[in-house]
1. Write down Rg/Rh for the range 59-212, rounded to two decimals, with Rg from the C-alpha atoms and Rh from the Kirkwood relation over Cα pairs.
2. Sorted from fewest to most neighbouring beta carbons within 10 Å, what does the list T98, T177 look like?
3. Which order results if T309, T274, T333 are arranged by neighbouring Cβ count within 10 Å, fewest first?
4. For S302, S22, which order do you get if you count the other beta carbons within 10 Å of each Cβ and list the fewest first?
5. Given the Cα-Cα distance of E225 and L334 and 0.36 nm per residue of separation, how much length would full extension add, in nm?
6. Rounded if a/c is under 1.5, else prolate if a/b is larger than b/c, else oblate: which is the range 127-229, with a ≥ b ≥ c the root eigenvalues of its Cα gyration tensor?
7. Is any helix in the chain, taking whole DSSP H runs, at least 15 angstrom long along its axis by alpha carbon and on average at least 1.6 on the Kyte-Doolittle scale, and which ones?
8. Non-local amide H neighbours of R105 (under 5 Å, H modeled in plane, Pro and chain starts lacking H): which ones?
Amino acid sequence: MWAQVREITWMNLRNIPSRLGSSSVIVVGIAGVVGVLVAILAMATGFRVALESTGEADRAIVLRGGSGGELSSGIGQSELAIVARLEGVREASGELYTVADVPKRGSGTPANLVVRGVEPAAFSIRPEVNVVEGRPFGTGKRELIVGRGASVEFAGLEIGNRVAFRDSDWEVVGIFTADGNAHESEVWADLAVAQDAFRRQGGVSSARVRLVSADVLESLAERIERDPRLDVQMIGEPEYYASQSRGLAAIITGFGYVVAVIMAVGAIFAALNTMYSAVSSRTVEIATLRAIGFGRWPVVVSVMIEALTLAALGGVLGGAIAYLGFNGHTISTLNNVAFSQLAFDFAVTPELMAQGFVWAAVLGAVGGLFPAVRAARLPITVALRGE
């Protein structure tokens with residue numbers, strides 16, 4: 001049987017160039033499904049990676065009790081001092097978190113940009129933050145360093161430019177990277193200057209702490225909760241940022257699957273039509289093979305292999321389009337938890353490419369199954385007459 005499968009399959013594949021127009025319908029249709037699916041899922045993956053990569057197991061964020069994020073949080077200086085002196089805390093940085101309207105590149109539409117006031121300890125707590133162009137901001141000066149993602153997505157944040165925030169004028173002096181995490185969507189400034197400019201003297205939005213070990217996080221959080229002097233909560237960074245990523249990433253992923261399913265229906269009908277046409281045009285040929293001793297199953301398998309081969313070409317083409325066209329492309333979207341724009345890169349991962357190829361194989365199998373069965377079940381005498 002397998003010898004017959006090999007012979008019929010080789011004959012079918014050899015004749016594909018003569019049916020290039022109809023065969024390309026399957027390839028292009030499936031490539032479209034795979035390309036769109038992988039691109040949309042790459043957007044969800046990039047968003048999730050940008051947030052989740054911000055967290056480290058030995059770092060935590062301290063917020064006001066009951067607040068859902070830094071924007072709605074506020075901590076007094078006395079509370080910050082108590083937390084910084086707790087056993088198990090290696091170092092702490094009080095930080096101001098606010099947003100400012102800055103035009104986006106291209107559209108010119110104002111969008112929320114995070115302005116973070118930080119203390120010097122913020123850089124040792126986050127060693128991944130590195131100024132790669134220009135220089136760090138000066139203490140006591142209205143100077144900004146801009147995350148790489150923010151510099152790409154927002155207008156006017158080039159080194160040397162002056163930016164107006166809340167009736168105050170700031171100079172951009174540096175660009176920083178942070179291993180692609182969420183901080184690259186922010187601008188940073190000296191904490192004391194930012195507090196004065198945004199009228200937030202006497203307190204901070206949050207505190208970022210580095211722990212002596214990730215193992216002390218749970219006990220520290222419980223101790224803080226029991227301390228009557230404190231109305232704050234300590235949350236591990238991985239947990240905090242993962243909770244921000246779930247909602248929007250799930251929406252983007254769901255949207256991607258809905259679009260892919262709609263397109264897949266069209267691709268399946270295109271594959272069915274193409275394979276039915278291919279089988280119909282080879283009716284006499286298939287009947288002749290049957291008459292000289294080739295079995296039904298070799299015919300079924302050979303038609304299925306032809307459909308899967310075309311689907312595989314479509315899967316490879318769609319995956320290549322998604323990778324070359326979108327991988328690493330920077331966009332921004334609203335992080336509805338932080339109420340600010342988050343810049344991130346599309347991430348076309350090997351897992352997404354494999355998922356796209358599986359979709360292509362399923363579409364090819366469904367599109368080839370019924371024409372293959374029809375070819376095998378067609379009576380030889382009827383087929384030889386070309387009916």
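1. On the way: Rg = 15.1 Å, Rh = 15.7 Å.
So for the range 59-212, dividing Rg by the Kirkwood Rh gives 0.96.
2. Neighbour counts put them in this order, fewest first: T177, T98.
3. T333, T309, T274
4. S22, S302
5. Stretched out fully, the E225 to L334 stretch lengthens by 36.1 nm.
6. Oblate, because a/c is 1.5 or more while a/b does not exceed b/c.
7. On the way: long enough: 2-14 (18 Å, -0.45); 20-52 (46 Å, 1.91); 237-281 (63 Å, 0.89); 296-326 (44 Å, 1.53); 350-377 (40 Å, 0.95).
Sorted by number, the helices that extend far enough and score high enough are 20-52.
8. F154, A155
Every number in this text was worked out from the coordinates using simple rules, so none of it is lab data. The structure displayed is predicted, hence computed values, not measured ones. Methodologically, a virtual Cβ is constructed for each residue, glycine included, from the backbone with ideal geometry; neighbour enumeration extends over all protein chains shown.
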